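Below is one structure; the comments refer to it alone.
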Amino acid sequence: MEIFGVPSALFGSQLLIGLINGSFYAILSLGLAIIFGLLNIINFAHGAQYMMGAFVAWIALTKFGVNYWAALLLSPLLVGALGVLLERTMLRKLYKLDHLYGLLLTFGLALIFEGIFRDQYGISGQSYEVPELLQGGVNLGFMFMPIYRGWVVVAALAVCFGTWFMIEKTKLGAYLRAGTENPQIVQALGINVPLLITFTYGYGVALAAFAGVLAAPVYQVNPQMGSNLIIVVFAVVVIGGMGSIMGSILTGLGLGLIEGLTRVFYPPASAVVVFFIMVIVLLVRPAGLFGKTA
Amino acid sequence: MHKKLLTAACTAALALMAGGAQAQISGNVVKVGVLTDMSGTYSDLAGQGTVVATQMAIDDFVAQEKPAFKVEMVSADHQNKADISSNKAREWFEREGVDVATELVTTSTALAVMKVAKEMNRVTLMSGPGSTAITNEQCNDLTVHYTYDTYAMANGTARAVTKQGGKTWFFLTADYAFGHSLEKDSSAVVTASGGKVLGSVRHPFPASDFSSFLLQAQASGAQIIGLANAGADTTNAIKQAAEFGITPKQQLAGLLMFISDVHSLGLKNAQSMYLTTGFYWDLNDETRAWSKRFFDKQKRMPTMVQAGQYSSVLHYLKAVKAAGTDEAQKVMAQMKKTPINDFFAKNGQIRDDGRMVHDMYLVQVKKPEESKYPWDYYHVRQTIPAAEAFQPLSESRCPLVKK
């Protein structure tokens with residue numbers, strides 16, 4: 001059986017792969033959307049923080065024998081803590097200025113982080129093995145599905161929807177949202193808004209690091225793994241609507257699927273299809289698919 | 001006594017006749033410039049390691065040959081950009097008295113610098129770049145392409161794999177000039193060796209997820225998946241092929257791989273792959289001795305680019321000493337007429353098109369259990385003789401080649 005001249009088995013497998021890549025986009029764009037939505041900072045260091053997440057997992061395994069499961073927790077905590085430090089010492093000073101300043105600062109930081117890791121570990125990257133529990137794969141009939149990739153989708157979706165729930169449905173989330181709308185009043189109600197903001201940034205960064213650990217067994221862990229991805233993720237955020245939590249999750253998954261299909265029908269366009277969609281969305285609906293028009 | 005005096009007088013007279021400047025070394029210093037990628041994609045296979053190799057060549061030359069002139073080195077990061085390279089080279093030649101530009105990984109930087117060097121009558125020695133254009137359409141008489149080129153790599157691997165029974169091929173090709181030419185060269189060899197190319201897919205450059213493309217390769221049913229890409233693209237594709245259970249049912253052939261790639265992948269991912277290389281540290285006692293010295297300084301075993309860099313710089317310096325001048329044309333004549341015999345090459349020869357031809361090696365990556373010590377990565381399956389390894393002069397498109 002064929003769908004538009006492509007064997008249906010290949011079609012099905014490409015959809016599945018699109019979903020897997022989409023979960024990476026979703027979790028990364030979610031972190032960016034949270035940081036932008038609550039801090040008004042365009043976090044260009046997101047790709048570098050994703051890379052550091054992967055590297056911390058690799059270093060923990062090879063130098064200290066810390067396994068994958070522990071790294072999944074440890075690495076976001078460590079990289080997130082670094083995020084907290086950055087927010088306290090640098091980003092804080094830029095909130096009153098234009099977005100551009102935050103972008104430039106985080107962009108500079110990204111280059112510095114990448115440079116440090118390149119200097120220490122070289123450019124070719126390191127191999128991180130798939131954890132024993134998730135090795136191998138299942139034959140789905142139309143494709144051989146590595147178990148690890150299935151786990152990536154489950155873990156990413158769980159974290160994404162958990163985050164959405166926390167922000168949209170809990171009291172903590174309500175404080176957060178209120179704090180960004182009107183910090184003075186929320187502060188007057190006895191809530192420590194600066195602390196809230198610090199931890200929001202830390203959490204966004206931790207999400208990037210979490211995605212990094214998820215990616216480590218799939219891609220080579222190398223200092224530039226983030227810079228290749230970050231531009232696409234920015235496009236995802238723009239398409240979804242800056243600051244929209246659910247928008248960034250759904251757009252991430254959707255664009256993963258579209259990109260996957262482009263790779264079958266017209267591979268040369270697969271690198272640009274996301275940007276093509278971004279242009280159309282910006283022309284037709286400048287606030288993004290899920291964004292609220294100001 | 002008389003005889004000695006006479007010889008001295010004659011030499012002096014000859015030197016005078018040849019014109020004062022040429023009989024000596026300008027400023028009594030020979031300056032070697034290393035222009036390489038210190039921080040980008042190619043910094044592991046070339047980079048700092050080529051600077052270390054150059055310094056080793058200079059130290060060895062001074063210790064063994066005790067030249068009357070001084071030898072110095074300068075180095076710079078060309079960031080894989082042609083404009084930065086040619087500006088730096090020009091500055092070196094014009095203001096800093098650099099005699100020879102070396103290394104030049106990334107073809108675009110190589111092509112830019114060889115033009116500047118030719119214009120200013122300086123020699124260029126290339127170890128890192130791969131394009132065959134350097135010794136064909138773009139060739140000139142002051143450039144040596146030393147270590148390898150895409151023809152030799154694709155040719156060696158594609159022919160050997162096809163002859164060993166890998167008759168049907170599918171290419172995974174990086175979508176830019178380099179990938180296209182690698183695919184084209186390899187396809188020609190596969191067909192000529194009795195194989196068949198079933199198809200190819202072009203992936204964006206750079207890419208990180210190859211699963212879509214790999215599944216297309218899998219669906220083609222080809223025995224061999226040829227990787228017409230390089231660096232991180234190649235390593236990611238290999239890793240993911242194993243993940244999706246494509247290998248070992250179908251085999252991969254890396255058309256441009258270096259030992260630094262195998263090192264970063266690990267043997268578990270890279271095992272059983274075929275690739276072609278111009279140098280392997282564990283070939284014989286000579287290569288081991290040199291490579292261990294290199295390892296002590298760099299903490300990594302040398303790639304072929306780094307070993308070739310040492311060999312090319314040493315060959316150049318010896319030619320300067322033998323010619324008694326650093327004038328480019330004379331040094332080049334000396335380099336071309338002297339065969340290269342060291343740990344890197346046996347009877348290596350620089351042809352009229354600037355191609356240094358030497359034996360290449362077809363190797364297969366060891367299985368993890370076969371590797372007995374660090375960096376024990378390859379089985380050498382075949383020595384490809386110099387005459388077969390490189391593009392024959394009869395096919396050359398270089399105007400300097402007389403047919």
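The values are calculated or read from the model by the stated rules, or taken from the named source; none is laboratory data. Just so we're clear, the structure is a prediction, and the values are computed from it rather than from any experiment. Heads up, the Cβs are rebuilt from the backbone with ideal geometry, glycines too, and the neighbour counts pull from every protein chain shown.
Observations, loosely collected:
- Qualifying residues in the range A:165-219 (those that are hydrophobic (A, V, I, L, M, F, W, C) and in contact with a Ser or Thr (Cβ under 6 Å, 6 or more places away or on another chain)) - the one nearest to residue B:266 (Cα to Cα): A:213
- In the range A:10-42, the residues that are of a type outside the set (A, V, I, L, M, F, W, C) and either without any contact (Cβ under 8 Å) to a residue 24 or more places away in the chain or part of a helix (DSSP H, G or I) (or both): A:12, A:13, A:14, A:18, A:21, A:22, A:23, A:25, A:29, A:31, A:37
- Unmet requirement for residue A:96, which otherwise passes all of (1) away from chain B (no Cβ under 14 Å); (2) closer than 30 Å to residue B:230 by Cα: (2)
- Flag for residue B:259 being closer than 17 Å to residue B:156 by Cα, within 11 Å of chain A (Cβ to nearest Cβ) and surrounded by 23 or more Cβ atoms within 10 Å (Cβ to Cβ): yes
- Number of positions in the range B:256-282 that are touching a helix residue (DSSP H, G or I) at 6+ places or on another chain (Cβ under 9 Å), assigned to a loop (DSSP other than H, G, I, E, B) and either closer than 26 Å to residue B:385 by Cβ or not polar (S, T, N, Q) (or both): 10
Every residue, every condition in (1) closer than 20 Å to residue A:222 by Cα; (2) modelled with pLDDT of 95 or more; (3) out of contact with any Pro (no Cβ under 9 Å at 6 or more places or on another chain); (4) part of a helix (DSSP H, G or I), yes or no:
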site: A:124; (1), (2), (3), (4): yes, no, yes, no
site: A:138; (1), (2), (3), (4): no, no, no, no
site: A:145; (1), (2), (3), (4): no, no, yes, no
site: A:149; (1), (2), (3), (4): yes, no, yes, yes
site: A:156; (1), (2), (3), (4): no, yes, yes, yes
site: A:159; (1), (2), (3), (4): no, yes, yes, yes
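- Members of the range B:155-169 found to be in a helix (DSSP H, G or I) and of a type in the set (Ser, Thr, Tyr), listed by number: B:157, B:162
- Residues that are within 15 Å of residue B:143 (Cα to Cα) and surrounded by fewer than 19 Cβ atoms within 10 Å (Cβ to Cβ) within the range B:313-346 comprise B:329, B:330, B:333, B:336, B:337, listed in sequence order.
- Looking only at residues of the range A:149-176 that are exposed (fewer than 14 other Cβ atoms within 10 Å of the Cβ) and more than 30 Å from residue B:243 (Cα to Cα), we find that the one that is nearest to the chain's Cα centre (by Cα) is A:165.
- Helices (runs of 4 or more DSSP H) enclosed by the range B:22-134 - at least 1 residues per element that are within 14 Å of chain A (Cβ to nearest Cβ), touching a strand residue (DSSP E or B) at 6+ places or on another chain (Cβ under 9 Å) and not small (Gly, Ala, Ser): B:47-65
- The single residue among B:208, B:212 that is within 12 Å of chain A (Cβ to nearest Cβ), modelled with pLDDT under 95, within 28 Å of the chain's Cα centre (by Cα) and not in a strand (DSSP E or B) turns out to be B:208.
- Filter result (more than 14 Å from chain A (Cβ to nearest Cβ) and in a loop (DSSP other than H, G, I, E, B)) within the range B:223-255: B:223, B:255
- Count of the range A:81-122 residues which are surrounded by fewer than 16 Cβ atoms within 10 Å (Cβ to Cβ), in a loop (DSSP other than H, G, I, E, B) and not aliphatic (A, V, I, L, M): 3
- Of everything in the range B:373-389 that is out of contact with any helix residue (DSSP H, G or I) (no Cβ under 6 Å at 6 or more places or on another chain) and under 20 Å from residue B:264 (Cβ atoms), the residue that is surrounded by the most Cβ atoms within 10 Å (Cβ to Cβ) is B:378.
- Index of the failed condition, residue B:309 passing every other in (1) in a helix (DSSP H, G or I); (2) under 19 Å from the mean Cα position of the chain (by Cα); (3) within 19 Å of residue B:373 (Cβ to Cβ): (3)
- Contacts under 7 angstrom Cβ, first residue in the range B:355-372 being under 17 Å from residue B:269 (Cα atoms), partner of a type in the set (S, T, N, Q), 6 or more apart: B:363/B:277; B:364/B:272; B:365/B:271; B:365/B:272; B:366/B:271; B:367/B:271; B:367/B:272; B:368/B:271
- The range B:193-215, residues that are free of Cβ contacts under 8 Å to residues at least 12 places away in the same chain and either in contact with a Leu (Cβ under 7 Å, 6 or more places away or on another chain) or more than 30 Å from residue A:224 (Cβ to Cβ) (or both): none
- Any hit, the range A:22-41, residues being touching a Lys or Arg at 6+ places or on another chain (Cβ under 6 Å) and modelled with pLDDT under 95: no
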